[in-house]
Amino acid sequence: MIAALKCDKMLLVQAELDGELDAAEAAALAVHRQECAICQGAAAELTRARALIGDDLYQPVRDEFRQRIIAQLAAAASPRIPPSLGWRRRWWPSAAGFGIGAACAAGLTALMLTSAQIDLTEQIVAGHVRALQPGHLEDVASTDQHTVKPWFDGRIDFAPPVKDLVAERFALRGGRLDYIGGRPVATLVYQRDKHLIDLYGWPATDVERSPETMQRQGYNIVHWTRNGMALWAVSDLEPSQLREFVEAWRRSP
Amino acid sequence: MLPHLDAAYNLARWLMRDSAAAEDIVQEAMLRALTYFASFKGVNPRAWLLQIVRNAAYTSRNLNHGVQFVPIGETAEPGIIASDDLVSDADDPEMALIKARGERQVRELITALPIELRETLILRELEELSYKEIAEITRTPIGTVMSRLFRARRLLLQDASEGGTS
């Protein structure tokens, strides 16, 4: 039954189950848990409680309602688009995300397509720079590819390849969602020494494309396409090292 | 915002406990989001939209004090336990039926939770948001988010055990 007893570490036990503890905190808790029957009981109960809640409790919108909202947003958005629209580069990714909603307005669709084609590289860099702000780097922080990959399930409509390249000294740090080119994309975060590498991926229209190196605002970018996935690596690493990362990624099964 | 329409509705549906009321809230929230999007400076549009949804829900009359009488049986919408669900678990029809009953029971138990526990649980378990994001959306300290989540899960488990597994 439900433990009536209390231990002040019980909320930490829960935080660990929710993936909210970092490695050091989790290790410290593990030591405590070995000796605390209350926390062991709490862990068992919380696990059972979590198992009660299945994805089928999620309540999505009715199609008819979705259509209504799309129509309303389009109607509301179209007279409102000022010519400049304030597409400040820094906020472009979020703006693009919203753009999906408003894209029904024909004018905006055209605007977005053009911008997306011209600015994709800049968006990639902007996304990378934005992610370097404190607390914005990862939505899921884990060095385990089997934690990072499932995290994307249900968040995006494709399964991004997640590889651990720690053997090549590119350690996986986690992943997050970004908005690039008006669509949600998967971003994997790798690290070599003090340098962070963002790897963006989304389904591509062209199937294969060899790596191509670019530079923007002092960042190095490598773009290639593989097995129908467009991949963009961006980092402040030296071009040769970023290239090494890309080769390691491409070699890895 | 459209990619987050399901998230918006899911939260509204659990908060309002009524599909028509939830659609009203979502509609209002989406238009509000459109209006204020230019001033949005954050990086997490989903959390931002959910905050708008929550505000809209709380200011709507029906949610005044988080107290609302919901007759048992009304909480599960007709058709929610779709025949598809039963068929999909094709290995054992009887297990599927038990499972479906269990889901319905859990749905009712969550619906019966006090609103502050319910929203925390939904944001964590169904939207899979971090404590920090939940704290921002509900404008609550993280410690409170953690204790609410704990209470919600405990109550759920307690009620599920008392309700019997028949």
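The values are calculated or read from the model by the stated rules, or taken from the named source; none is laboratory data. Keep in mind that what you see is a predicted model, and the values were worked out from it rather than measured. Heads up, the Cβs are rebuilt from the backbone with ideal geometry, glycines too, and the neighbour counts pull from every protein chain shown.
Of the listed requirements (1) in contact (Cβ under 8 Å) with a residue 24 or more places away in the chain; (2) within 14 Å of another protein chain (Cβ to nearest Cβ); (3) of a type in the set (D, E, K, R), A:Asp153 misses just one: (1). Within the stretch A:42-51, being surrounded by fewer than 19 Cβ atoms within 10 Å (Cβ to Cβ) and touching a helix residue (DSSP H, G or I) at 6+ places or on another chain (Cβ under 9 Å) holds for A:Ala43, A:Thr47, A:Arg48, A:Arg50.
Pick from B:Arg154, B:Arg124: which is in a helix (DSSP H, G or I) and touching a Ser or Thr at 6+ places or on another chain (Cβ under 9 Å)?
B:Arg124
The sole residue among B:Ile52, B:Ile137 that is within 14 Å of another protein chain (Cβ to nearest Cβ), crowded, with 20+ Cβ neighbours inside 10 Å, in a helix (DSSP H, G or I) and at pLDDT 60 or above is B:Ile52. Of the candidates A:Leu85, A:Leu21, A:Leu113, the single residue that is modelled with pLDDT under 90 and not in a helix (DSSP H, G or I) is A:Leu85.
Could you check, for the stretch A:29-47, whether at least one of its residues is part of a helix (DSSP H, G or I), under 24 Å from the mean Cα position of the chain (by Cα) and at pLDDT 90 or above? Scanning the stretch A:29-47, I find no residue that is part of a helix (DSSP H, G or I), under 24 Å from the mean Cα position of the chain (by Cα) and at pLDDT 90 or above, so the answer is no.
Look at the stretch A:122-144: where a residue is free of Cβ contacts under 8 Å to residues at least 60 places away in the same chain and a partner is surrounded by 18 or more Cβ atoms within 10 Å (Cβ to Cβ) and among the charged types (D, E, K, R), sitting 6+ places away or on another chain with Cβ atoms under 6 Å, you get A:Glu138/A:Arg176; A:Asp139/A:Arg176.
Considering (1) in contact (Cβ under 8 Å) with a residue 12 or more places away in the chain; (2) more than 17 Å from the chain's Cα centre (by Cα), the lone condition that B:Ser161 does not fulfil carries the number (1). Considering the stretch A:19-41, and only residues there that are among the acidic types (Asp, Glu), under 22 Å from B:Val145 (Cα atoms) and more than 7 Å from chain B (Cβ to nearest Cβ), the residue that is surrounded by the most Cβ atoms within 10 Å (Cβ to Cβ) turns out to be A:Glu25. Out of the residues in the stretch A:130-149 that are assigned to a helix (DSSP H, G or I) and more than 11 Å from every other protein chain (Cβ to nearest Cβ), which is nearest to A:Asp164 (Cα to Cα)? Out of the qualifying residues, it is A:Gln145.
Collect the residues in the stretch B:13-49 that are facing chain A (nearest Cβ under 9 Å), in a helix (DSSP H, G or I) and small (Gly, Ala, Ser), keeping them in residue-number order.
Correct list: B:Ser19, B:Ala22, B:Ala33, B:Ala38.
Scanning the stretch B:1-12 for residues that are of a type in the set (A, V, I, L, M, F, W, C) and either under 13 Å from the mean Cα position of the chain (by Cα) or in a helix (DSSP H, G or I) (or both) gives B:Leu2, B:Leu5, B:Ala7, B:Ala8, B:Leu11, B:Ala12. Pairs meeting the criteria (first residue in the stretch B:31-42 and without any contact (Cβ under 8 Å) to a residue 40 or more places away in the chain, second residue small (Gly, Ala, Ser) and not in a helix (DSSP H, G or I), beta carbons under 7 Å, at least 6 apart or on different chains) are B:Ala38/A:Gly86.
Considering only residues in the stretch A:52-72 that are acidic (Asp, Glu) and within 15 Å of B:Glu125 (Cα to Cα), the one that is nearest to the other protein chains (Cβ to nearest Cβ) turns out to be A:Asp56. For the stretch A:167-205, a residue qualifies if it is without any contact (Cβ under 8 Å) to a residue 40 or more places away in the chain and in a strand (DSSP E or B), and the qualifying residues are A:Ala171, A:Leu172, A:Arg173, A:Gly174, A:Gly175, A:Leu177, A:Val185, A:Ala186, A:Gln191.
Could you check the stretch A:17-74 and list, in sequence order, the residues that are of a type in the set (Asp, Glu) and without any contact (Cβ under 8 Å) to a residue 12 or more places away in the chain?
Passing the criteria: A:Asp18, A:Glu20, A:Glu35, A:Asp56, A:Asp63, A:Glu64.
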